[in-house]
């Protein structure tokens, strides 16, 4: 069962530039800032209420985030729903015939994550996440 | 220092067929559509789901154009603030191009759009209970 919206993902050209607005102007606190090498992104999470804003800066040109930036420019990329059991959510999506990007959950900035294909949701990219026990990894 | 943003108030899913997109999200994700609203004469049709503090708003025409497949995109989000006039003033001091706070569609609420510098995200601030009773042009 989906509990809440964990974060909204925003693709940016430069996380440092975007932080001037989201951190410095809006005053939102940064809770995580890491490069995820295998996904070719720098991800920055900013806390707002019970959710977060995730800034995604591509660090390579061959990733989905880089291709999104090249084709559409900066902007909203995905919405992430939190669940206690990302494996069960993925199984349920598969059983409904929803097209998947990830066949099994993998480690991401928000914990164990997986993506549903936007084709199955009228073009909107959906992520499921189960944060790791004990918080950030 | 914060501008007093307490949470994401709502996220807009803009669709060329908002009823169909809301139905699909409900079926695929198991979220419950709690409210449906249409604006007569405009063709605008909104459906709303809520997960904890955040409203997911499906917005657009309720009927697609003939032969058009449903298509949606994330259309921005709105941050709730405790004092919108103070938040606007603070943002302007920090060099952000933000509009004046004005009455929102939501009764008693005021809203202000951030016009630039959001890195491609349509973004606004909202304060509920911002106007005293009887002084609400939105018609509460």
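The values are calculated or read from the model by the stated rules, or taken from the named source; none is laboratory data. Computed from a prediction, not measured in an experiment: that's the story for all the values here. Here the Cβ positions follow ideal geometry from the backbone for every residue, glycine too, while neighbour counts run over all protein chains shown.
Is one or more of the residues making up segment A:46-63 facing chain B (nearest Cβ under 8 Å), touching a residue at least 60 places away in the same chain (Cβ under 8 Å) and surrounded by 21 or more Cβ atoms within 10 Å (Cβ to Cβ)?
no
State whether one or more residues within segment A:52-68 are closer than 18 Å to residue A:125 by Cα and over 15 Å from the mean Cα position of the chain (by Cα).
Yes.
Limited to segment A:85-116, what total is found for residues that are under 29 Å from residue B:76 (Cβ atoms), at pLDDT 95 or above and in a loop (DSSP other than H, G, I, E, B)?
Number satisfying all stated conditions: 6.
Mind checking which residues of segment B:4-25 are part of a helix (DSSP H, G or I) and within 21 Å of residue A:99 (Cβ to Cβ)?
Matches in segment B:4-25: B:20, B:21, B:22, B:23, B:24, B:25.
Any idea how many residues of segment A:109-125 are in contact with a strand residue (DSSP E or B) (Cβ under 7 Å, 6 or more places away or on another chain) and either closer than 11 Å to residue A:77 by Cβ or without any contact (Cβ under 8 Å) to a residue 40 or more places away in the chain (or both)?
Qualifying residue count for the region: 11.
Tell me the residue from A:16, A:32 that is free of Cβ contacts under 8 Å to residues at least 24 places away in the same chain, outside any loop (DSSP other than H, G, I, E, B) and farther than 19 Å from residue B:77 by Cα, please.
That would be A:16, the only listed residue that is free of Cβ contacts under 8 Å to residues at least 24 places away in the same chain, outside any loop (DSSP other than H, G, I, E, B) and farther than 19 Å from residue B:77 by Cα.
If we keep just the residues of segment B:89-105 that are touching a strand residue (DSSP E or B) at 6+ places or on another chain (Cβ under 9 Å) and buried (at least 16 other Cβ atoms within 10 Å of the Cβ), which is nearest to residue A:16 (Cα to Cα)?
B:96
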